[in-house]
Protein chains: 2
Amino acid sequence: MTVPPEAEREGVGDVARLRSIPEASVARLALYLRTLGELSEQGAETVSSDELAAVTGVNPAKLRKDLSFIGSYGIRGVGYEVRPLVHQLEQSLGLNHRQAVALVGVGNLGHALAGYGGFDGRGFPVTALFDVDPDLVGIHINGILVEHVREIPRIAAERGVTIGMIATPGPAAQAVCDLLVSAGVQCILTFAPVVLQVPADVEVRKVDLAVELQILAFHVARRNLDHPGVTTGTTNGHALVNGAADNRTVNGSGGIHS
Amino acid sequence: MTVPPEAEREGVGDVARLRSIPEASVARLALYLRTLGELSEQGAETVSSDELAAVTGVNPAKLRKDLSFIGSYGIRGVGYEVRPLVHQLEQSLGLNHRQAVALVGVGNLGHALAGYGGFDGRGFPVTALFDVDPDLVGIHINGILVEHVREIPRIAAERGVTIGMIATPGPAAQAVCDLLVSAGVQCILTFAPVVLQVPADVEVRKVDLAVELQILAFHVARRNLDHPGVTTGTTNGHALVNGAADNRTVNGSGGIHS
DNA sequence: GCAACTTTGTGCGTGCGTTCACAAGCGGCT
DNA sequence: AGCCGCTTGTGAACGCACGCACAAAGTTGC
Ligand SMILES: NC(=O)c1ccc[n+]([C@@H]2O[C@H](COP(=O)([O-])OP(=O)(O)OC[C@H]3O[C@@H](n4cnc5c(N)ncnc54)[C@H](O)[C@@H]3O)[C@@H](O)[C@H]2O)c1
Ligand SMILES: NC(=O)c1ccc[n+]([C@@H]2O[C@H](COP(=O)([O-])OP(=O)(O)OC[C@H]3O[C@@H](n4cnc5c(N)ncnc54)[C@H](O)[C@@H]3O)[C@@H](O)[C@H]2O)c1
């Protein structure tokens, strides 16, 4: 890249770099970050791209390129120093500030989400719960009071909520989404099997489990075309690594082309 | 493509077609299917690609191309007949047979999943539940007995389980995964934040909520680089459609390039 | 039956993401 | 100090996916 003459200082370069990180890489960076955290706990001080790639199931070259997007400080001949790299990843992913999360819909799934410690532990404290069910509004879950959805605009603003999670039934999701958006929430994670309509400056990520299962089912079907009679698999020791940070973690297809 | 001389008959073509459907398209096909189901309930008999595209937030041309992969029967000048298209999609996605699902780990999240009716309703009956916790083994959830994980190989085979869902803590996930694989399960959906090692003929899809949140957080950070002071959003009427079947449902970036 | 309109199906250019392969850089060893 | 081996960072090729734009094919209206 031949360092642009003036860009010696850090801040400037970072901004430019952040803008240009490919979506797909961002997802993997999050995966690297978590894996590095584990390695760090196990006492590792440096990791080579090959090692980290093996653990995360990613191609080593791709991993290095991903890291290069955040202006990584790897040491040639050695690898990456775990601690600084973790710090750099957190910085680049915007994890230096905690992001308050509001969860709307405290039913079956919502309860599980509200009670999950993993969010707070990773810098995403669930600071507000909402529902319409009078039996739920007023109770506490994990120490957090469930409030009525009509309070979303006020409370979300008060608590500086930046991320909304929607776990309501599908039909209610759009209305809830609108409320969140009107409260200034620009990032939404939804579990409702509905396509949400949002303004252009809001980002939505959808977790659709039924679709996930259907994708798997498709692969079952594809497989059965080849081996119609097979019902039970064989034993096995591990064989192939697998991962990739987006959830499209394919891996079968024994190398057949066209 | 120039039709291979002999491939006049249907069955053959289907196999060839199935093999070659791009992963990304499969995800969207599942989305179309669900949306068509809703349209069908509302009495629609035909849909144009433009209509369906608008509802699902997908580019119309892309949608038509997706449908062409399954050898669609659209009518030029009219659109697609909803009923036959639904049928065709179900066939192509392998939804003509119900796929038995086994769920391992019936804790917070597992309970919600086990109690969810949406899976059975879409052809994915949860037919087996497993856990190690003696307080859980033996109880019924939604009418299904929770069994000990050591029974996985036997019971999964007995009940013809084709899909495994893992909702155990991370550290237990790999062992559980191995058990499922040894029981012949070739498709796994996991919620554990761990990269699973599996043989090459097993497909894993990972739903990693922490990663989802981090991706959203990244976009918050990116945004704040531009508008450092903004805390509360503005009002708005809907603006842009949004969807796409993989959960990477981006949509911001008001058209800026480079 | 013909013309005008509508919508599908797809060929093709473009851009993104992945992967290979290698030069540049760094540490350790002699 | 200089060489050797290892690992990073990236240039460049490849392949896939997206989306435009248009021809083919059907329908409606006259
Ligand atoms: N439970 C699962 O495992 C699971 C799996 C996949 C998808 N989902 C999806 O997640 C969503 C929630 O599933 P669930 O099983 O928790 O459903 P649920 O019915 O148990 O819970 C929904 C909750 O949303 C609340 N609600 C309804 N309308 C609301 C509104 N307008 N504003 C705020 N809250 C409202 C209800 O009072 C209820 O508490 C659904 O869209 C479902 O399709 C759930
Ligand atoms: N709860 C959530 O909302 C949520 C959100 C994101 C991710 N997750 C992930 O989903 C997984 C489950 O989360 P949870 O909140 O339900 O945890 P949990 O601790 O409530 O439940 C885990 C269950 O797995 C069982 N288990 C433990 N070891 C097992 C083994 N070897 N075999 C079979 N079962 C075993 C436990 O007995 C327990 O019932 C975790 O990996 C978590 O990181 C959960």
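Side notes on the structure shown:
- Computed from the C-beta positions of B:E23 and A:A61, the FRET efficiency with R₀ = 22 Å rounds to 0.55.
- Cα gyration tensor, segment A:100-204 - rounded (a/c under 1.5), prolate or oblate: rounded
- Starting from the label point of B:V78 at 7 Å along Cα→Cβ, the same points in the other copies fall at 7.1 nm, in ascending order.
- Taking packing as the residue-averaged number of other Cβ atoms within 10 angstrom, the listed peptides B:64-75, A:191-202, A:139-150 run from highest to lowest as A:191-202, B:64-75, A:139-150.
- Where rotation carries B onto A, the chain B residue whose Cβ is nearest that axis, in whole Å: B:A112, 2
- Label spacing, shortest first and in nm, from B:G107 to its equivalents in the remaining copies (7 angstrom along Cα→Cβ): 2.5
- Listed by chain and number, the lysines placed with their C-alpha closer than 26 angstrom to that of B:K65 are A:K206; residues fewer than eight positions away on the same chain are left out.
- Measuring r between the beta carbons of A:A175 and B:H97 and using R0 = 35 Å, the FRET efficiency lands at 0.45.
- Between identical copies, the spacing of A:N224 label points, each set 7 Å from Cα toward the C-beta atom, reads 5.0 nm from nearest to farthest.
Read the figures in this text as sums done on the coordinates, not as results from a lab. For clarity, every value in this text was computed on a predicted model and none was experimentally measured. Glycine gets a Cβ as well: all are built from the backbone with ideal geometry, and neighbour counts include every protein chain shown.
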